[in-house]
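K.L.:
This is the structure, below, for whatever I ask next.
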Amino acid sequence: MWDKPQLLNALADLLYVAAAAALLTALVVWAVRVPSLPIKQVVVKEELRQIKRDELEQALAGRFAGNFFSINLENVRAATETLPWVRNAEVRRKWSSQLELAIEEHRPVARWEDAYGHVGRNELVNSFGEVFTAVLVESEAKDLPLVYGPTGSASEVLQRYGEFSRILAPIGQKPAQVRLSPRMAWQIRLDDGMLIELGREQSKSPVNVRLARFVEVYPGAVAKRPTRPSVVDLRYPNGFALRGKG
């Protein structure tokens, strides 16, 4: 073997690689176990609207075991996402003693009740059509529309709310409530209290078409009436009915 230079060179290279691997392993073990480089600060990138500092501190209490290298980022992320207003969280190390938190808060766009009108659960719908549970101060909650629907239909109901709002805008009306019943029938209550019964989707007379037709005749058929109807029934394919109070 000693008279074979190529074999000796290969053996030397192998020994160098083994030594480097051992040194790297030792460095990793040292970095994980060394008591230095503790996490001293958590930096939140975004300004938080709903989450209070003390709530975040309480959620993260006891999650900083280890040092800069060994801390479990997944545990920190999961603890952050237990807060009601957190939709998504990301955690990064920032040399040499910081964690950087990127928190996406839910942005509420509507209050949510199920199709049977069960209340008191503090359920809201965010801008992605997702239902979440959180407490919103009354002054902010009262400005949000109320939407109803069967379980899993929040995204569809929110989309319809946007469509109905655009259709009604030319007559200066806005939905205060949009409801999808368990029988898949649509209902709108305007901010002035008027109830619009749209019924179920029809292939020959879609819900949006019936509502747009009503908007076209609204100035003459409704707005000029001496008394405003309390209910407008648009479930007919080629017309509608008005009902007054009582």
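K.L.:
Check whether at least one residue in the range 149-161 is in a strand (DSSP E or B), under 22 Å from V222 (Cβ atoms), over 14 Å from the mean Cα position of the chain (by Cα) and assigned by TED's automatic domain parsing to the domain that holds R200, and report yes or no. Even if it seems obvious, please write down each step before you answer.
P.N.:
Going through the range 149-161, the residues in a strand (DSSP E or B) turn out to be 149.
Going one step further and asking which of them are under 22 Å from V222 (Cβ atoms), we end up with none.
No, there is no match, as no residue in the range 149-161 is in a strand (DSSP E or B), under 22 Å from V222 (Cβ atoms), over 14 Å from the mean Cα position of the chain (by Cα) and assigned by TED's automatic domain parsing to the domain that holds R200.
K.L.:
Considering only the range 142-159, state which residues are of a type in the set (A, V, I, L, M) and under 9 Å from W112 (Cα atoms). Explain how you work it out, then say what you get.
P.N.:
Filtering the range 142-159 for residues of a type in the set (A, V, I, L, M) gives 144, 146-147, 154, 157-158.
Within the range 142-159, L146, V147, A154 meet the criteria.
K.L.:
Scan (1) over 21 Å from E113 (Cβ atoms); (2) touching a Lys or Arg at 6+ places or on another chain (Cβ under 9 Å) for the single condition V209 breaks and write down its number.
P.N.:
(2)
K.L.:
Name every residue in the range 127-144 that is free of Cβ contacts under 8 Å to residues at least 40 places away in the same chain and either under 19 Å from P182 (Cα atoms) or touching an Asp or Glu at 6+ places or on another chain (Cβ under 9 Å) (or both), in order of residue number.
P.N.:
Result: G129, V131.
The values are calculated or read from the model by the stated rules, or taken from the named source; none is laboratory data. Bear in mind the structure is a predicted one, so any value in this text is a computation, not a measurement. Cβ atoms come from the backbone with ideal geometry, glycine included; neighbour counts cover every protein chain shown.
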